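Trainee: Shown below is the structure under consideration.
The values are calculated or read from the model by the stated rules, or taken from the named source; none is laboratory data. These figures come from a predicted structure and were not determined experimentally. Positions of Cβ are generated from backbone atoms using ideal geometry, with glycine treated the same way; all protein chains shown enter the neighbour counts.
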Amino acid sequence: MSRKYNVAIVGATGAVGTQMLECLEEREFPVGNIKLLASGRSAGQTLEFKGHAVLVEELKHDSFEGVDIALFSAGGARSEEFCPSAAKAGAVCIDNSSAWRMNPDVPLVVPEVNPEAISGYTKKGIIANPNCSTIQMLVALKPLHDFAGIKRIVVSTYQAVSGTGNKAVEELRVQTGELLNGRPANNEVYPHRIAFNCLPQIDAFLENGYTKEEMKMVDETRKIMGDAIRTSATCVRVPVFFGHSESINIETEKKLTVEKARELLEDAPGVELVDDPAEHEYPMAMDAAGADAVLVGRLREDLSLENGLNLWVVADNVRKGAATNAVQIAELLIEKYLK
Ligand code: NAP
């Protein structure tokens with residue numbers, strides 16, 4: 001009989017955690033025991049896995065005995081504090097937070113882009129999942145980079161509220177209802193109302209004027225696809241529940257025609273080309289939500305540059321941007337390293 005793996009989900013009750021549970025089941029990951037961990041607030045609740053109710057337990061330092069793989073999505077502070085305990089107990093941690101991403105001893109992995117980096121997990125017992133906006137951008141750009149050599153990326157994002165977790169999904173739902181009924185809308189999660197609005201701020205501002213989210217796209221792109229790539233990012237929160245959209249402009253070393261880009265993207269792993277403007281076919285958040293593919297379309301040569309291309313890239317931030325990417329990493333880990 002083939003081996004089964006004991007899996008823990010830290011942050012199991014959250015937007016990403018619940019999706020991780022679904023992904024493990026959908027993708028038939030060979031789970032032996034499943035352990036669901038969250039804060040003391042959720043301990044005692046149950047979540048369903050493969051038709052059975054599984055008890056949610058409070059996250060503690062000794063929660064990881066016998067666990068082979070720990071999927072973390074409970075925020076950076078929990079990852080920073082508890083990944084070392086999990087690794088010490090023998091679990092390989094796959095972390096969704098930003099806590100470990102830029103640590104030189106922790107691989108930062110998008111399976112379609114740099115699967116070979118996983119081998120570095122032995123240094124700390126931790127593998128980091130990149131930021132959701134970085135993941136979908138790099139899945140789309142990797143085949144173009146391999147062919148034409150990307151020098152510079154200019155990206156503007158249109159990010160869904162689910163990227164901030166369950167509380168933000170609820171805030172957009174409630175605000176929308178209140179405003180449509182002529183009542184005032186309160187905001188708690190974001191600094192301003194998000195319903196019927198766009199916020200040019202994701203995460204905190206840094207001294208250089210960019211937000212942390214924008215700098216994550218800059219730094220993570222370099223770590224995953226190479227130091228030579230310069231990125232300029234503007235990240236915007238929009239009143240969409242699921243699915244991040246990105247307007248991306250690239251400047252390449254070598255000429256990349258629309259036809260060639262289309263050919264490369266048609267064969268690219270994880271990419272679905274949706275690019276028939278005459279038929280009004282292009283990537284949209286409502287089509288990406290609930291699926292794993294990174295949708296790419298609106299391919300156009302940049303008329304202001306010699307070697308430039310524009311594209312529009314959309315993916316489900318909670319799935320490919322987080323849960324699916326983590327489970328794909330776990331799949332590679334057991335296939336190649338934890339046999
Ligand atoms: P969320 O919906 O707010 O869920 C947070 C989860 O963390 C819940 O299960 C919560 O448990 C748990 N948690 C909070 N405080 C805890 C504590 N002190 N001890 C143990 N567990 C605790 O947030 P999310 O969107 O799922 O995000 C989770 C992580 O994934 C974050 O680091 C986020 O940056 C990252 N991420 C999210 C996305 C996305 O698209 N949403 C994408 C990439 C990465 P309770 O239910 O008990 O409070």
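Trainee: Could you grab me the full set of residues in region 96-112 that are in contact with a Phe, Trp or Tyr (Cβ under 8 Å, 6 or more places away or on another chain), free of Cβ contacts under 8 Å to residues at least 60 places away in the same chain and not β-branched (Val, Ile, Thr)? Outline the logic, then answer.
Mentor: So the first thing to find is which residues in region 96-112 are in contact with a Phe, Trp or Tyr (Cβ under 8 Å, 6 or more places away or on another chain), and the list is 96-97, 106-107.
Those still in the list that are free of Cβ contacts under 8 Å to residues at least 60 places away in the same chain too: 97, 106-107.
Correct list: Ser97, Pro107.
Trainee: Quick one: which strands (runs of 3 or more DSSP E) sit completely within region 236-321 and have at least 1 residues that are in contact with a helix residue (DSSP H, G or I) (Cβ under 8 Å, 6 or more places away or on another chain) and within 16 Å of the ligand (Cβ to nearest atom)?
Mentor: Values: elements: 244-252, 271-273, 294-301, 308-315.
Passing ranges, in order: 244-252, 294-301, 308-315.
Trainee: So, one more: Would a scan of region 20-38 turn up a residue that is within 14 Å of the ligand (Cβ to nearest atom), charged (D, E, K, R) and either touching a Cys at 6+ places or on another chain (Cβ under 7 Å) or closer than 18 Å to Gln328 by Cβ (or both)?
Mentor: Keep residues of region 20-38 that are within 14 Å of the ligand (Cβ to nearest atom), which gives 20-23, 35-38.
Still in the running and charged (D, E, K, R): 22, 35.
Pick out the ones that are also either touching a Cys at 6+ places or on another chain (Cβ under 7 Å) or closer than 18 Å to Gln328 by Cβ (or both) and you get 22.
Yes; the residues of region 20-38 include at least one that is within 14 Å of the ligand (Cβ to nearest atom), charged (D, E, K, R) and either touching a Cys at 6+ places or on another chain (Cβ under 7 Å) or closer than 18 Å to Gln328 by Cβ (or both).
Trainee: Going through region 57-80 one residue at a time, which ones are within 13 Å of the ligand (Cβ to nearest atom), within 22 Å of the chain's Cα centre (by Cα) and either over 27 Å from Pro130 (Cβ atoms) or surrounded by 13 or more Cβ atoms within 10 Å (Cβ to Cβ) (or both)?
Mentor: Scanning region 57-80 gives Ala70, Leu71, Phe72, Ser73, Ala74, Gly75, Gly76, Arg78, Ser79, Glu80.
Trainee: Any residue in region 37-60 that is more than 12 Å from Thr18 (Cα to Cα) and assigned to a strand (DSSP E or B) sitting within a Cβ distance under 7 Å of a residue that is near the ligand (Cβ under 8 Å from one of its atoms) and hydroxyl-bearing (Ser, Thr, Tyr)? List the pairs, counting only those 6 or more apart or interchain.
Mentor: Glu58/Ser39
Trainee: In this structure, does Glu279 turn out to be free of Cβ contacts under 8 Å to residues at least 12 places away in the same chain and over 30 Å from Phe72 (Cα atoms)?
Mentor: Working: free of Cβ contacts under 8 Å to residues at least 12 places away in the same chain: yes; over 30 Å from Phe72 (Cα atoms): yes.
It is true that Glu279 is free of Cβ contacts under 8 Å to residues at least 12 places away in the same chain and over 30 Å from Phe72 (Cα atoms).
Trainee: Only one of (1) farther than 15 Å from Ile135 by Cβ; (2) of a type in the set (S, T, N, Q); (3) outside any loop (DSSP other than H, G, I, E, B) is not met by Thr231, so which one is it?
Mentor: Thr231 satisfies all of (1) farther than 15 Å from Ile135 by Cβ; (2) of a type in the set (S, T, N, Q); (3) outside any loop (DSSP other than H, G, I, E, B) except (1).
Trainee: Only one of these is on the phi < 0 side of the Ramachandran plot and near the ligand (Cβ under 8 Å from one of its atoms): Val54, Val16. Name it. Write out each step before concluding.
Mentor: On the way: Val54 fails: near the ligand (Cβ under 8 Å from one of its atoms).
Only one candidate passes the filter, namely Val16.
Trainee: Does any residue of region 323-334 turn out to be within 28 Å of Ala148 (Cβ to Cβ), at pLDDT 95 or above, surrounded by 15 or more Cβ atoms within 10 Å (Cβ to Cβ) and small (Gly, Ala, Ser)?
Mentor: Initially, region 323-334 is screened for residues within 28 Å of Ala148 (Cβ to Cβ), giving 324-325, 328-329, 332.
With at pLDDT 95 or above added as a condition, the list becomes 324-325, 328-329, 332.
Pick out the ones that are also surrounded by 15 or more Cβ atoms within 10 Å (Cβ to Cβ) and you get 324-325, 328-329, 332.
Narrowing further to those that are small (Gly, Ala, Ser): none.
No, region 323-334 contains no residue that is within 28 Å of Ala148 (Cβ to Cβ), at pLDDT 95 or above, surrounded by 15 or more Cβ atoms within 10 Å (Cβ to Cβ) and small (Gly, Ala, Ser).
Trainee: With surrounded by 24 or more Cβ atoms within 10 Å (Cβ to Cβ), free of Cβ contacts under 8 Å to residues at least 40 places away in the same chain and over 19 Å from Met217 (Cβ atoms) as the only criterion, which of Cys83, Cys93 stands out? Please lay out each step first, then the result.
Mentor: On the way: Cys83 fails: free of Cβ contacts under 8 Å to residues at least 40 places away in the same chain.
It is Cys93.
Trainee: Between residues in region 1-23 that are more than 14 Å from Gly75 (Cα to Cα) and in a loop (DSSP other than H, G, I, E, B) and residues that are β-branched (Val, Ile, Thr) and more than 6 Å from the ligand (Cβ to nearest atom), which pairs lie under 7 Å by C-beta distance while being six or more apart or on different chains?
Mentor: Lys4/Val31
Each row is one residue, and each column tells you yes or no for (1) on the phi > 0 side of the Ramachandran plot; (2) surrounded by fewer than 18 Cβ atoms within 10 Å (Cβ to Cβ); (3) more than 16 Å from the ligand (Cβ to nearest atom).
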residue: Arg152; (1), (2), (3): no, yes, yes
residue: Thr157; (1), (2), (3): no, no, no
residue: Asn166; (1), (2), (3): no, yes, no
residue: Glu171; (1), (2), (3): no, no, no
residue: Glu178; (1), (2), (3): no, yes, yes
residue: Gly182; (1), (2), (3): yes, yes, yes
residue: Asn186; (1), (2), (3): no, yes, yes
residue: Phe196; (1), (2), (3): yes, yes, yes
residue: Ala204; (1), (2), (3): no, yes, no
